[in-house]
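Scroll down for the structure; my scribbles are underneath it.
The values are calculated or read from the model by the stated rules, or taken from the named source; none is laboratory data. Computed from a predicted model, the values in this text were never measured in an experiment. In this analysis, Cβ positions are derived from the backbone assuming ideal geometry, glycine residues included, and neighbour counts consider all displayed protein chains. Keep in mind that these areas ignore ligands, DNA and RNA; they rest on the heavy atoms of the full protein, side chains included. Shrake-Rupley method; radii C 1.70, N 1.55, O 1.52, S 1.80 Å.
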Amino acid sequence: MRGNRRTWTLIAAVAMAGAAGWFLLPKFSELGHTWARVSSGRPGWLLVAVGLEVLSFAGYMGLFRAVFARCGSRINWRESYEITMAGLAATRLLAAGGAGGVALTAWALKRSGMDGRTVARRMTSFLVILYGVYMTALLVFGLGLYAGLFSGSAPVGLTLVPAAFGALVIIAALSLSRLRGVTGVAAPESSRAFVRRAKWFGHSVAAGVRGAIGLARSRELGLLGAVAWWGFDIAVLWASFHAFGTVPPVGVIVMAYFVGTLANTLPLPGGIGGVDGGMIGAFLAFGVDPGTAVLAVLAYRAIAFWLPTLPGAIAYFQLRRTMGEWKADEAEAADEQLQPQPVPASPQIAVA
């Protein structure tokens, strides 16, 4: 049994290494061409963009600590850095709406000793807060551009439609927060499995939304990390436009960014191609100069993809070492519990 387990572990490791090579090698070959074009920009603004991306990561870590590093948690600043950076690297390498980063973060939290139900509830709250900012931005900037509150062109497909989508998601999330228990006639046998999964998903989202609302009412300052995560990341795109030419209005940059980021739901490694094309297409629809838009988006993607990927890979191995320390601590605590306790000596009675 143990030999079979080792064999399957080796096969899985080889498969993962092969998959990583399949995804990463083409990117290394493209890096030189991309950098040749990007390096023609103003280096000062590109350095500003790098600094803004670092601030974006700091905001993400702040939000992570506000949601997960509660009283009694064994996750301190070092573990927070390792988990968030490794998760961001997984998100960049495996797009699909950030599923790779979510899976890695949940795995690390469980290994830290957090039970599965708490992980699911807090992870949902984390995502609700993070993407609540996303949907609110779609609503505010979409309506603002269309109504003329923000400068810039306002095509309906890139203003009212995304704004309506953001409003529907916000309404749906707030409505789900009222979901508690479900009673009624039992579902048919053939559909019970689907109904159970749907109920579990609905109640998980509802609990996460309630948790997010509770954190917001507590005025936890770390929740501003969600705004910093998106805001500074968008500012990287803004700085990239400064590096290559004319800068579009802020409202246009925000909407093109969020509309293009929707392509991150496509199962492409790091969203390469999908996000780039989505952002560039959105900028062209807003009337931005094509050459400037292409270079700015390429610069943004080079910074946003590579900056977390390399340190994130290192953070992953650091996290594995930290997990080894957690396991050793747990084994030591278990040994101490098994040690026989000394029996107190009986008091001696003096005899006259």
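Note down the nm distance, to one decimal, between modelled labels 7 Å out along Cα→Cβ at residue 47 and at residue 118.
4.5
Roughly what would the spin-label model give for residue 58 and residue 161, points 7 Å off Cα along C-beta, in nm?
Calculated label separation equals 3.8 nm.
Would you tell me the accessible area of residue 114, worked out with a 1.4 angstrom probe on the heavy atoms of the protein chains, in Å² to the nearest 10?
30
Find the accessible area per residue for region 119-175; the probe is 1.4 Å, ligands and nucleic acids are left out, and the unit is Å². Could you put the intermediate results ahead of the total?
Numbers: 2650 Å² over 57 residues.
Dividing the accessible area of region 119-175 by its residue count gives 46 Å².
Kindly rank 295-303, 246-254 from highest to lowest mean number of other beta carbons found within 10 Å of each residue. Write out the running numbers ahead of the final one.
Working: 295-303: 24.2, 246-254: 19.8.
Packing proxy ranking, top to bottom: 295-303, 246-254.
Roughly how many nanometres apart are two label points built 7 Å out from the Cα toward the Cβ at residue 219 and residue 168?
Output for this residue pair reads 3.7 nm.
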